[in-house]
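As structure tokens, the structure follows; a few thoughts come after it.
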Amino acid sequence: MDFELAPPIGVGPLRIGMTRQSANTALDSLRDLSAVSESDRPGQHVFRPSGLMISIHCTRDMLEAIELGRPSTQTDRVIFRGLDVFAIPARELVQRMGE
């Protein structure tokens with residue numbers, strides 16, 4: 001699955017500024033029910049079978065931050081303006097983003 005980063009809006013169904021309840025529901029929708037990780041924490045983070053970690057941070061009943069951790073397989077990709085952010089070395093990624 002591809003996850004398109006759209007700063008400052010969000011990623012996938014997660015939107016900065018949504019209520020905690022909506023963010024929890026959106027986070028749950030990203031869980032792969034065929035392979036639920038024992039590390040998942042409802043309302044905090046999910047780990048997809050690819051190893052991609054998706055974490056949410058809420059304060060004052062509002063989604064304020066989304067954190068993504070590097071997947072270990074290419075099954076899930078995090079994309080920003082056509083670039084796979086975890087497949088490209090950091091220096092090259094920054095250079096290409098600047099172009």
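The values are calculated or read from the model by the stated rules, or taken from the named source; none is laboratory data. The structure displayed is predicted, hence computed values, not measured ones. Quick note on the areas: whole protein, heavy atoms, side chains included, nothing else; ligands and nucleic acids left out. Shrake-Rupley method; radii C 1.70, N 1.55, O 1.52, S 1.80 Å.
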Item to check | Accessible area expressed per residue, the chain, with surrounding protein chains retained (probe 1.4 Å, Å²) | outcome: 62 Å²
Item to check | Nearest 10 degrees, 0 to 90: helix 20-29 Cα axis against the chain principal axis | outcome: 60 degrees
Checklist outcome for this item: Expressed to two decimals, the chain has a Cα Rg over Rh, using the Kirkwood radius, of 0.98
Item to check | Viscosity 0.692 mPa s, 37 °C: Kirkwood-radius Stokes-Einstein D of region 39-97 over Cα pairs, µm²/s | outcome: 256 µm²/s
Checklist entry - So which residue, out of 15, 41, 31, gets the largest mean-square fluctuation from a GNM of the chain using Cα contacts under 10 Å as springs? => result 41
Next on the checklist: Quick check on the chain: of the DSSP beta bridges with both residues there, what percent are antiparallel, nearest 5%?
Outcome noted: 85 percent
Checklist entry - Can you give the Kirkwood hydrodynamic radius for region 1-47, in Å, rounded to one decimal and based on Cα pairs? => result 11.4 Å
Next on the checklist: Suppose a student asked you for the relative contact order of the chain, using Cα pairs under 8 Å spaced at least 6 residues apart; what percent would you report?
Outcome noted: 26 percent
Item to check | Among 56, 88, 79: highest mean-square fluctuation, GNM of the chain, C-alpha pairs under 10 Å | outcome: 88
